[in-house]
Each structure stands twice: as C-alpha cells, then as structure tokens.
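Notes follow once the structure below has been shown.
The values are calculated or read from the model by the stated rules, or taken from the named source; none is laboratory data. The structure displayed is predicted, hence computed values, not measured ones. Cβ placement follows ideal geometry from the backbone for every residue including glycine, while neighbour counts extend to all protein chains displayed.
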Amino acid sequence: MGKYFGTDGFRGEANKELTAAKAFKVGRYIGWYYGKNHEDGRARIIIGKDTRRSSYTLEYALASGITSSGADAYLLHVTTTPSVSYCCRTDGFDCGIMISASHNPFYDNGIKIMRANGQKIEAEIEEKIEAYIDSEEDLPLAEREAMGNVVDYAAGRNRYIGYLMTIPTRAFNGYKVGLDCANGASWNIARAVYEALGAKVYVINNTPDGVNINKDCGSTHIEGLQKYVLENGLNVGFAYDGDADRCLAVDEKGNVVNGDHIMYMCGKYLKEIGQLDGNTVVTTVMSNMGLYKALEAIDIRTEKTAVGDKYVAENMMANRFVIGGEQSGHIIFGKYATTGDGILTSLMVMMTMLDKKMPLSMLAEEMKMYPQCLKNVRVKSKPDAQNDPDVQAAVKAAADALGDSGRILVRESGTEPKIRVMVEALSDELCEKYVDSVIDVIKAKGHIAE
C-alpha cells in the first residue's frame, strides 16, 4: 500500500486527509496521463459519486483537474461503483473514477480509479499519482480549444440499470424482496431493477441527506434489515453498502447470509448448470474455513488471494474463473462484471433460489460456518504494530495452540488506521480468547491510538 492509495483507492477523512486540492491534482495527473494515448491529447474519463456531502466537492475538483489537462470529464452523478465500471468497459472510456468511501462513515471519502476494462488501476499508476501529489512538478495546462469539456452522462447510469434487468432468466413475480440501500448510491437504482423484474419490493434507508450514508443501516448494520424481513414476512432481504459494490442477504427466517454463503451457493449452482469455468471459486484469506470444507465436499477447488476484491478480480481474469469474492459481500461474477456489484450479486442469489426452487435458508444451511471473532484495533502505526516482535510472538503462540482446528490472521486495514485480528476455532470462547491475547499485547506495547 502507498502513502495515499490503499486496497480500495485513495481513502481518508474529507477536507483532512482527502482534500479538494489533492483531488484536483489526481484529476490533473490522470487527465494528462491518459491523454498521452490520444493524438489530440483528449482522454475520456467518467466520474460517479455516492451520496456523501463531500462527494460534490471532490467531483468538482476532479473534473476541474481533468479538464485543465485537456481531457473530457463525463459525469454519471450519484451512482454505484459497478455502474462506473460497466460504463468504462462498454462505452470506450480511458478510465473511470468513483468518489466513495464505501462502507465508511459519511465524513470519510475516497477516490477509486478504474482502467478501461472496469478493474481498478495498477499499483504502478497509483504510485505515479502519489509522487505527483507530493511534488512541486507541474504538468502542461491545456489552453483555448484544447481545454476539456464537462459532459452530463446520466444516460450511462440508465443503461447500466437496463443491463441489470437483462441478466435474470425469469421474472421475480410473487416474491417479496426487501432492499436496504444504506442511504447510499443504490437508493435510486435497486428499486427500479427489482420492480421491473416483477418483485414486490420493500425498500428501507433510501432517503440520503449527505450525512446518513451507512449510519445504522446497510450491509455493515444488517440487524435493521433482519427485523424488517421478519416483520413484513418477506422471502428475502438484501443489504448494500454505500457505493453498492457489496451485498449481504437475510433469509426468510431473519438469518444473515454472508459473502461466503453466497459464494458457496452460487458456485454450486453455476457448477450444476455447467457454467463454473475452471471448477474454481476465488476467495481471500479472510474467508471462513467452513467455505473451504463445503466446497471441497462438492469437488469445487478454491484459490486464495490477499484481502481486497482487486486481487480477487486479477486472479479471476488471469485464470478465466467466473466467481470469487470476500466474506464482506464483495462478489464478482466474471461473466457479467469485472468488479464487485451488490445489485448483481443479489440478482444471482435470486436466480439460484428460483431455479432450485428453494428458500434462501435451505441453500445457505448446506455450508456450516466455523465460529469466528474479528476485532479491529485503531493504532498509531500499522506497520509498527504489525511488525512488533512481541505481537508476532503472541500471534505465533495462538496459531500453535489452535493447530489444525483453527487459524489466526492479523493484518493491516487497507482503508483505515487499524489492525484487524481474526480467529476461527471450534468455539466462540476460543476465538475470543486468542483474539484478545494478541490485542492485549498490542495495547501493552503502546500501539493503541487515543
């Protein structure tokens, strides 16, 4: 990870770590960088944003930087991350930008940059952008008719909605579906898709005001949707995050169905219909041991990547695999998209339910989750805490004690100043014990941030 860019773009508190001045320089660089590939120097760059109040400031700053470098900025306005990816790969854009901090609170924001194929840009380009942000170097400014245009491109979002509607092979008539839009980017998209497909739609948290995105709602606070599904007798509920690139589900009994469950049931379904290319599901190291055991039992192989859906996507593209993702709900269906797409994921779950004629609870119960405990610790320095010899010794001691009946994983957050400590074991008590054994050492060594 670089100084500014982590596993999911340039992330930080708006007007603090992520300022309009830095966003302007990001726009300046990519407008110039991608313009080099054109005879007239005029690159085409598409921008989307979520519902955070600061997203408007960053959108204007990015567009100003892009156009001052001679590139054209196409505005999708409030939309989802996967819609930006879709427009990149279908409409001939040189790159795309999504302004969002995903599942983070409203005061955070981020800049995600995508290649022409809709995947996140290479680390090498991120490093060049970082170097430019911190340098005194200036790039040539476009003058007169060479200056770029700002173009309204809301039509691109509408085409994306139409594309989603074409994916299911049958209508959702008779199904009562709940959607938690997290007061985020999906608020004006998800309902339209489900209503067009014939479902009876129940929507919550779809009144964004700039500061309520992800607040006690969406995929990070799914308890509200659990209650809503039960109170309204719904067949299924889906919870998205702020930029709708992830999805978790709630079955008809009110139980949470996470990304590992979704990868299992959809991977199995794709194999049954002869569409699981490579007979492989790609996961990150954070997936539950129960997923691997369940997939092994039905003769589906797995590959593990580092944490981050960009690494899953890279593995899938390199090997032509068709499904992969994260327990958090970032699921990539390679036949339809090159990045995680929450609404698409929910459609694939619906297709699995309809084609197999089974409720979600029955599909999910085939995979047994190992007890898991994950705690996040805010630290002064992620590398210092991670590399402390005493912390490493505590991690090794826990791993030795767990043996083959569990595992421990300690890693740096790619988007926040936190260390994540995760343990899987045969009981909740053991998970808690070994997570706390490591966190206690992190605290004792003075790494905790005030």
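Structure values in brief
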read-out	value
All strands (runs of 3 or more DSSP E) inside region 230-304 with 1 or more residues being in contact (Cβ under 8 Å) with a residue 60 or more places away in the chain	236-240, 247-250
Filter result for K200 (in contact with a Pro (Cβ under 8 Å, 6 or more places away or on another chain) and among the charged types (D, E, K, R))	no
1 or more residues touching a Leu at 6+ places or on another chain (Cβ under 7 Å): qualifying strands (runs of 3 or more DSSP E) within region 355-436	407-412, 418-424
Residue selected from region 212-229 under the condition in contact (Cβ under 8 Å) with a residue 40 or more places away in the chain and outside any helix (DSSP H, G or I), by the criterion surrounded by the most Cβ atoms within 10 Å (Cβ to Cβ)	I213
Positions within region 146-173 being loosely packed, with under 13 Cβ neighbours inside 10 Å and assigned to a loop (DSSP other than H, G, I, E, B), in sequence order	T169, R170, A171, N173
Candidate set from region 55-89 (those that are among the polar types (S, T, N, Q) and crowded, with 24+ Cβ neighbours inside 10 Å); member that is nearest to K25 (Cα to Cα)	S69
The one condition in (1) of a type outside the set (V, I, T); (2) crowded, with 24+ Cβ neighbours inside 10 Å; (3) touching a strand residue (DSSP E or B) at 6+ places or on another chain (Cβ under 9 Å) that G35 fails to fulfil	(3)
Only listed residue being in contact with a His (Cβ under 6 Å, 6 or more places away or on another chain) and either buried (at least 20 other Cβ atoms within 10 Å of the Cβ) or over 25 Å from G254 (Cβ atoms) (or both), chosen from A385, A393, A401	A385
Complete set of residues in region 414-450 that are of a type in the set (S, T, N, Q) and touching a strand residue (DSSP E or B) at 6+ places or on another chain (Cβ under 6 Å)	T415
Qualifying residue in region 181-190 (condition: touching a helix residue (DSSP H, G or I) at 6+ places or on another chain (Cβ under 9 Å), buried (at least 23 other Cβ atoms within 10 Å of the Cβ) and more than 26 Å from A313 (Cβ to Cβ))	yes
Some residue of region 240-248 being within 28 Å of M316 (Cβ to Cβ), among the aliphatic types (A, V, I, L, M) and surrounded by 24 or more Cβ atoms within 10 Å (Cβ to Cβ)	yes
Verdict on Y194 being touching a strand residue (DSSP E or B) at 6+ places or on another chain (Cβ under 6 Å), part of a helix (DSSP H, G or I), surrounded by 17 or more Cβ atoms within 10 Å (Cβ to Cβ) and not assigned by TED's automatic domain parsing to the domain that holds G96	yes
Qualifying residue in region 383-399 (condition: under 23 Å from the mean Cα position of the chain (by Cα) and not assigned by TED's automatic domain parsing to the domain that holds Y269)	no
Counted residues, region 118-144 - those being in a loop (DSSP other than H, G, I, E, B), within 20 Å of S64 (Cα to Cα) and not charged (D, E, K, R)	5
Matching residues in region 305-319 - criterion: being part of a helix (DSSP H, G or I) and small (G, A, S)	A313, A318
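Rundown of residues vs (1) surrounded by 21 or more Cβ atoms within 10 Å (Cβ to Cβ); (2) farther than 25 Å from A14 by Cα, yes/no style:
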residue	(1), (2)
M98	yes, no
S102	yes, no
P105	no, no
A123	no, no
R144	no, yes
